[in-house]
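The values are calculated or read from the model by the stated rules, or taken from the named source; none is laboratory data. Given the structure is predicted, the values throughout are model-derived calculations rather than measurements. Methodologically, a virtual Cβ is constructed for each residue, glycine included, from the backbone with ideal geometry; neighbour enumeration extends over all protein chains shown. Note: areas computed on protein heavy atoms with side chains; ligands, DNA, RNA excluded. Shrake-Rupley method; radii C 1.70, N 1.55, O 1.52, S 1.80 Å.
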Amino acid sequence: MNDREMYAQALRFSMESDIAEYEKQPDHKFSRRFERRMKKLISQGNTLQYTPVRARMPLKKALAIAAIIVLASTLLVGATIAGYKLWESFYFRDNVSFSTMYISQIEGAPKTLEEKYDIGADMSGYVRTVDFENEYIFTVDYDVPNTDKWLTFEQRTREACEQTWLWTEDAIVKPRAIVVNGYKGITYQEKTGCICLYWDTGDYIFGIGANPISEEELMRLAESVQRIDN
């Protein structure tokens, strides 16, 4: 077995392991932010048009298909997958068209959202909508009516954020380390212009994505996050 065959076999085992983990997860409701981003991405093509579909494909099936596609394309082009670490808890693996963010130190963290948080800054002009809420994930959308300005805030348990897909293909700014209120985090900017920010408080992982917005404004909003009544 030559080096490339060994690499292909190792990659296949890795992807099959990821798929097996996703198969154990319950079906997922795609957020409005995800659908909005997909509209923008697909609309950039000259021949493709996006049509909302009421019957959603289960996330585990979609991820399995995506993983197989990524595996096949990676092997065909002979690409390599690079891994790197930012801080102790944030580790990244570049997978050609996206990156996987791994969160470590899961043990000892709350298994469910024992308390909820949200942006504490003045959000006048935005319409606030709780987009998704369960024991492990809390997501809030902020939209300015009749504009393309939007912001999404998310709080997750560490386990629910253990493996997160980041759309880093042709990113304007690759993931880099930052600090939010003394907590370690990362930020990057997608090719769409959306700036994303994640930080780790030890108990939970928080995230904000927004467009259009400056990094300074995004940091100000992140630093305003506070506990809210459940």
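In terms of distances greater than 25 angstrom between alpha carbons, the cross-link table entries K85/K116; K111/K149; K149/K191; K116/K174 yield K85/K116; K111/K149; K116/K174. Expressed in units of 2.2 N^0.38 Å, where N is the residue count, the Cα radius of gyration of region 132-230 is 1.05. A straight chain from E223 to T192 at 0.36 nm per residue would run longer than the Cα-Cα distance by 8.7 nm. Only the Cβ atoms of Lys and Arg (+1) and of Asp and Glu (-1) were treated as charged; on that basis the dipole of region 71-230 about its Cα centre amounts to roughly 480 debye. Probing with 1.4 Å while keeping every protein chain in the model, the per residue accessible area of region 111-230 equals 47 Å².
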